[in-house]
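Notes for the one structure printed next.
The values are calculated or read from the model by the stated rules, or taken from the named source; none is laboratory data. Everything numeric here is computed off the predicted structure, so don't read it as measured data. Note: ideal-geometry Cβ built from the backbone for every residue, glycine included; neighbour counts use all protein chains shown. The accessibility values were calculated without ligands, DNA or RNA, using every heavy atom of the protein model including side chains. Shrake-Rupley method; radii C 1.70, N 1.55, O 1.52, S 1.80 Å.
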Amino acid sequence: MDDSSKFREYIEHSNFTPKHIQMLITIKYKNEIVVGIDGPSGLDLWEQSYMALVESYLNQEKVNVMYGIEPIVMRIKSLDNHLFEFSITDEWKPIEVYAKAVLPKKEFFEAILDGAERFWNTLNNYKVFEKMDIKEKASIEYPVLMTEKVEKLREKIKILLN
């Protein structure tokens with residue numbers, strides 16, 4: 001998404017649809033790759049997986065969410081007030097572990113929410129949903145609504161972790 005000419009090429013392709021964007025999200029911590037380019041990709045990972053993970057964490061300290069639409073699960077389990085165990089694993093045999101790390105809660109959630117906000121702002125700035133043949137006004141405003149959702153989650157996480 002940082003390469004504007006490449007991004008524009010993707011969204012102007014005739015097969016592109018903002019409804020189902022295949023994504024690969026990378027996560028680095030202390031210069032170590034936790035989830036890299038060899039990790040799983042999936043559809044709608046920001047909303048359906050990462051933001052769902054944050055929302056679920058607000059209600060419980062052990063969370064399992066689907067990673068895209070594949071039989072892959074992303075998990076977090078609190079270890080103490082500052083750390084949790086993060087993993088992404090297959091649910092089918094042979095079980096493959098795509099990611100496993102102990103991460104700081106506050107830093108992880110801030111980075112995830114920053115990434116989600118950047119993603120939705122980029123879609124909004126490129127007017128991706130406006131260019132599509134979408135009749136519903138709610139669909140056109142979707143990136144803005146998602147950015148607002150990110151801000152609400154950010155406030156709740158701040159309260160919980162401070």
Residue satisfying all of: in the range 66-80; part of a strand (DSSP E or B) and charged (D, E, K, R); nearest to Met23 (Cα to Cα) among these: Arg75
Every pair of residues 6+ apart whose Cβ atoms lie under 6 Å, when the first sits in the range 113-125 and is in contact (Cβ under 8 Å) with a residue 40 or more places away in the chain and within 18 Å of Lys158 (Cβ to Cβ) while the second is in a helix (DSSP H, G or I) and aromatic (Phe, Trp, Tyr): Ala116/Trp46
Right, Glu61: modelled with pLDDT under 90, closer than 14 Å to Lys105 by Cα and not aromatic (Phe, Trp, Tyr) or not? yes
So which residues in the range 41-54 are over 9 Å from the mean Cα position of the chain (by Cα) and open to solvent by 10 Å² or more (accessible area, probe 1.4 Å), if there are any at all? Ser41, Leu43
Restricting the range 11-44 to residues that are of a type in the set (S, T, N, Q) and modelled with pLDDT of 85 or more, the residue that is nearest to Phe119 (Cα to Cα): Thr26
Listed by first then second residue, the pairs whose first member lies in the range 142-162 and is within 22 Å of Val128 (Cβ to Cβ), whose partner is at pLDDT below 90 and aliphatic (A, V, I, L, M), with beta carbons under 7 Å and at least 6 positions apart or on separate chains, are Pro143/Leu123
Failed criterion for Thr122 (all others in (1) assigned to a loop (DSSP other than H, G, I, E, B); (2) open to solvent by less than 80 Å² (accessible area, probe 1.4 Å); (3) more than 17 Å from Val35 (Cα to Cα) hold): (1)
